[in-house]
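Below is one structure; the comments refer to it alone.
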Amino acid sequence: MIQWLNRMRRVGRAVEPADERPPAARPPVTGVLGSLQVRHVDAGSCNGCEIEIAAAFSPVYDAERFGARLVASPRHADALLVTGVVTRNMAGPLRNTFDAVPEPRVVVAVGDCARNCGVFAGAYGVVGAVSDVVPVDLAVPGCPPPPDAIIAALRSVTGR
């Protein structure tokens, strides 16, 4: 019984044990070590990715156990988690937010819209993908990507 309880303390979801290393066990993307402070920016999404990000930081998946934490200010962040296509109204604020994040910084494009505009490619109000506005270090595919993939991307930034 004690062994079972100890094992359950180390798991994220009730049915799966936590991985010891990220699926793509590789060195960190940048010089960010330890905990990762993340600022989320919605550049014009349908909110599907936001629901999955909320699930990734919920008690079920618990991204904070790997040191990732959402912060309210880009000045406190190590990484930007950008969702959606970049609309005309959000291109400037996204650049300003990127400039406010101190070095070394990481930009993670979450979802197919952020990676390549998805179904919104060529739309009138769309400037382009996130990589058209700010440099992207890491992209998470999916429409929307599952919380597991978002957590694996955040873990690969620090190598934890």
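None of the figures in this text is laboratory data; all of them are computed from the coordinates on show. Just so it is clear, the model here is predicted, and its values are computed rather than measured. Backbone-built Cβ (ideal geometry, glycine too); neighbour counts: all protein chains shown.
Tabulated results
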| quantity | calculated |
| --- | --- |
| Local electrostatic count at P145 - Lys and Arg +1, Asp and Glu -1, tallied over other residues with Cβ under 13 Å | -3 |
| Interchain or long-range residues, amide H under 5 Å from F57's placed H | A63 |
| Descending semi-axes in Å of the stretch 34-158, equivalent ellipsoid built from Cα gyration tensor | 22, 17, 11 |
| For V71, residues with placed amide H under 5 Å, excluding near neighbours | V38, R39, H40 |
| Antiparallel DSSP beta bridges within the stretch 34-158, as percent of all bridges there, nearest 5 | 10 |
| Principal axis box of the stretch 108-155, alpha-carbon based, largest edge first, Å | 35, 21, 10 |
| Under 5 Å, built H, 5+ apart or other chain: amide partners of C46 | none |
